[in-house]
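Right, one structure below, let's go through it.
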């Protein structure tokens, strides 16, 4: 089994419910071992869009990294993600941050995620679950990376509950103000 870390974000419609549904779907395929609190964050890269809700999670898997990528992209589409401009608004976005200590870069997939060190919206929730994890390329811990970026647009909101399955998802339950 491999241990991976994923980042989830949403800035369209009921953002919290989008995250809940994505977690429930991921739980059908992976064993989720930790979920960070939910953070409200300013858009990164393209600021002309609504703010995001973001979180990170840890999960174990027996799937290969490219199989994980194909599965999470399929989940995004199933949940309603539509093509958009680069770094534009999205109903749900799921990214692979780390997969064990693997270093991989090709046309399809880059692990570790190439923008981790620049993104407070990823580092803040990730530091809640693995602050001392060392980036396999830089050797920096997640907390050290977080301490070196501007996190002023990142606000911790609440703990995310583990859904027991997608069937237990109830739209509108435990909502966060938009």
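For (1) under 21 Å from residue 153 (Cβ atoms); (2) in contact (Cβ under 8 Å) with a residue 12 or more places away in the chain; (3) surrounded by 16 or more Cβ atoms within 10 Å (Cβ to Cβ); (4) more than 14 Å from the chain's Cα centre (by Cα), each residue gets a yes or a no:
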{"residue": "12", "(1), (2), (3), (4)": "yes, yes, yes, yes"}
{"residue": "22", "(1), (2), (3), (4)": "no, yes, yes, no"}
{"residue": "35", "(1), (2), (3), (4)": "no, yes, yes, no"}
{"residue": "53", "(1), (2), (3), (4)": "yes, yes, yes, no"}
{"residue": "57", "(1), (2), (3), (4)": "no, yes, yes, no"}
{"residue": "69", "(1), (2), (3), (4)": "no, yes, yes, no"}
{"residue": "80", "(1), (2), (3), (4)": "no, yes, no, yes"}
{"residue": "90", "(1), (2), (3), (4)": "yes, yes, yes, no"}
{"residue": "95", "(1), (2), (3), (4)": "yes, yes, yes, no"}
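Results for (1) under 19 Å from residue 94 (Cβ atoms); (2) loosely packed, with under 14 Cβ neighbours inside 10 Å; (3) in contact (Cβ under 8 Å) with a residue 40 or more places away in the chain, shown as yes or no for each residue.
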site: 107; (1), (2), (3): no, yes, no
site: 125; (1), (2), (3): yes, no, yes
site: 128; (1), (2), (3): yes, no, yes
site: 135; (1), (2), (3): no, no, no
site: 146; (1), (2), (3): no, no, no
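Is it the case that the stretch 41-50 has a residue that's at pLDDT 95 or above and outside any loop (DSSP other than H, G, I, E, B)?
no
Hand me the list of helices (runs of 4 or more DSSP H) wholly inside the stretch 65-167 holding 3 or more residues that are in contact with a strand residue (DSSP E or B) (Cβ under 8 Å, 6 or more places away or on another chain) and at pLDDT 95 or above.
Filter on the stretch 65-167 gives 65-78, 120-129.
If you go through the stretch 17-36, how many residues are part of a helix (DSSP H, G or I) and touching a strand residue (DSSP E or B) at 6+ places or on another chain (Cβ under 6 Å)?
3
The values are calculated or read from the model by the stated rules, or taken from the named source; none is laboratory data. Note that the coordinates shown come from a computational prediction; the quantities given were computed from them, not determined experimentally. Virtual Cβ from ideal backbone geometry, glycine too; neighbours counted across all protein chains shown.
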